[in-house]
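Below is one structure, written out as structure tokens, with a few remarks after it.
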Amino acid sequence: MSEEKKIVHDVIMIGAGPAALSAAIYTTREDIDTLLFERGVPGGLAAITDWVDNYPGFPEGLAGLDLANNLQKQAERFGAVIELGEVMKITDEGEFKKLETTSGDMYARAVLIATGSDYKKTGVPGEQEYYARGVHYCATCDGAFYRDKRLVVIGGGNSAVQESIFLTRFATHIDLLVRSTIKASDVLQKDLQKFVDNGKITVHLNTLTDEIVGEDNKVVKVVGTDKATGKNIDFPTDGVFVFVGLKPNSEFVKDLVDLDDIGLIKTDANLHTSVPGVFAAGDIRSGATLQIASAAGEGATAALKIREYLDAREHILE
Amino acid sequence: MVKNITIFTTNTCAYCAMVKKYLDVKNHKYDIVNLDEQPHRQAEALALSGAMTVPVTVVTKHDDTREVIVGYNLAKLAPAVA
Ligand SMILES: Cc1cc2nc3c(=O)[nH]c(=O)nc-3n(C[C@H](O)[C@H](O)[C@H](O)COP(=O)(O)OP(=O)(O)OC[C@H]3O[C@@H](n4cnc5c(N)ncnc54)[C@H](O)[C@@H]3O)c2cc1C
């Protein structure tokens, strides 16, 4: 491709979750030409979270979708452009980074990777077969189909507990299957206890999930194992929600930047990755604290460090 | 040519908002069936899509053929309303 035909942006951000949208507010306010790529929903995981109680500045809390929309509006107000598409590959060409995207090849002087994580699957028999027909990963999307029904939720972290509580709006009863012990925050555990006390949620600790079983095209039960006794237990249910952790969205850059053992991107204190001009922020960054507020904070830091990087390059090029 | 579009949604579904945003940008009008407000219409959404999820977007063409798009899937939605 000839130099003239290259579409070059000052910075391309991959993902439009809280980290990248916050970064974009900062870069665009400083007139740094900023393009974001988003393959799902702007707002990222925050957009599909029912209610956010711990984002500073909102004493009553707010709906995740409202927070996502506000972040998007604020970034767009200063000129951020969000392209709905996916980045498949980044190549370091020195001064420019080449991005292969669903909208064609793009070039950027700096790149911010803020791709967060996706839900992990359990891998048990029946999970794939009944996907979206009894097995789900998004309570705010699919919970309404389980009004007055029984549910099983698999997982023991913050998401599993928070989403179980959300699902009590619809379901008559929830069996929460936890492989070892509950790892959710103290606040969430206290909330959970209220639903255990009123009989809406039953927690089964040290319980492995072995299979999701269906009949006549419908999920009818989950088969688990009690680790203490080794005995199989049947959990009759109409549906299963899976929240067994998150898988970093870093596969597409695994040959470019240094990753840690679980696939998160390593950065220095300036959020710079092992490749000059490529930064990472939010849930995808090794050491991140997996909160919307910290993702937003990291986004702001990354933006300021990107500006410093671009300024320094300009001096070199002059 | 598109005759009408119906979207099955819920109050909390972010992907539903994306489908609406896309259709707004493309100047398409659509009817909404909110399953939180009209739970009795869930079976209809399920029968159309075969999936217990929203959004379900039903695009009816002028020749009365119908296309059903499950989820926020631009690869299918864009050509269906083009
Ligand atoms: C159920 C649940 C409840 C939560 N509740 C809270 C809470 O109450 N309070 C709180 O502070 N935090 C909460 N969190 C955590 C919070 O949502 C995350 O920490 C935050 O969203 C991280 O922001 P991010 O921008 O780093 O990543 P994300 O929000 O994950 O956004 C990343 C975006 O990148 C996109 N993307 C990925 N790969 C590509 C690619 N190759 N090309 C283009 N786009 C791509 C994704 O589609 C996604 O939209 C919750 C998380 C979950 C799962």
- Based on what the data block shows, is A:THR28 polar (S, T, N, Q), within 12 Å of the ligand (Cβ to nearest atom), not in a strand (DSSP E or B) and not assigned by TED's automatic domain parsing to the domain that holds A:TYR137? no
- Note on the structure: Only one of B:THR65, B:THR10, B:THR53 is more than 10 Å from every other protein chain (Cβ to nearest Cβ) and modelled with pLDDT of 90 or more, namely B:THR65
- Message: When you scan region A:90-100, do you find a residue that is in a loop (DSSP other than H, G, I, E, B), within 15 Å of the ligand (Cβ to nearest atom), out of contact with any strand residue (DSSP E or B) (no Cβ under 9 Å at 6 or more places or on another chain) and without any contact (Cβ under 8 Å) to a residue 12 or more places away in the chain, even just one?
- Response: no
- Task: Mind listing just one residue for me: the one in region A:60-77 that is away from chain B (no Cβ under 14 Å) and crowded, with 16+ Cβ neighbours inside 10 Å and, of those, nearest to the ligand (Cβ to nearest atom)?
- Result: A:ALA75
- Would you check if there is a residue in region A:15-24 being more than 8 Å from the ligand (Cβ to nearest atom) and assigned to a loop (DSSP other than H, G, I, E, B)? no
- Message: Please return the ranges of strands (runs of 3 or more DSSP E) entirely within region A:136-233 where 3 or more residues are closer than 29 Å to A:ALA47 by Cβ and within 16 Å of the ligand (Cβ to nearest atom).
- Response: A:150-154
- Query: Could you list, in sequence order, the residues of region A:33-66 that are over 15 Å from A:LEU84 (Cβ atoms) and in contact with a Leu (Cβ under 7 Å, 6 or more places away or on another chain)?
  - Reply: A:ALA46, A:VAL52, A:TYR55
- Item | Residues of region A:234-254 satisfying the condition of being over 19 Å from A:ALA184 (Cα atoms) and assigned to a strand (DSSP E or B) | A:ASP234, A:PHE235, A:PRO236, A:GLY239, A:VAL240, A:PRO248
- Would you point out which residue out of A:ALA46, A:ALA20, A:ALA80 is closer than 16 Å to A:ALA114 by Cβ, of a type in the set (Gly, Ala, Ser), surrounded by 17 or more Cβ atoms within 10 Å (Cβ to Cβ) and over 20 Å from the mean Cα position of the chain (by Cα)? A:ALA80
- Enumeration of residues in region A:144-161 that are free of Cβ contacts under 8 Å to residues at least 40 places away in the same chain and within 13 Å of chain B (Cβ to nearest Cβ): A:ALA144, A:ARG147, A:ASP148
- Query: Among the listed residues A:GLY245, A:GLY277, A:GLY297, A:GLY287, which satisfies the condition of being away from chain B (no Cβ under 14 Å), surrounded by fewer than 24 Cβ atoms within 10 Å (Cβ to Cβ), closer than 30 Å to A:LEU62 by Cα and away from the ligand (no atom under 12 Å from the Cβ)?
  - Reply: A:GLY287
- Task: Might you check whether a residue that is more than 13 Å from chain A (Cβ to nearest Cβ) and assigned to a helix (DSSP H, G or I) occurs anywhere in region B:25-34?
- Result: no
- Subset of region B:41-63 (residues that are part of a loop (DSSP other than H, G, I, E, B) and closer than 16 Å to B:TYR30 by Cα): B:VAL54, B:PRO55, B:HIS62
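The values are calculated or read from the model by the stated rules, or taken from the named source; none is laboratory data. Model, not experiment: these values are computed from the prediction. Cβ: placed from backbone, ideal geometry, glycine included. Neighbour counts: every protein chain shown.
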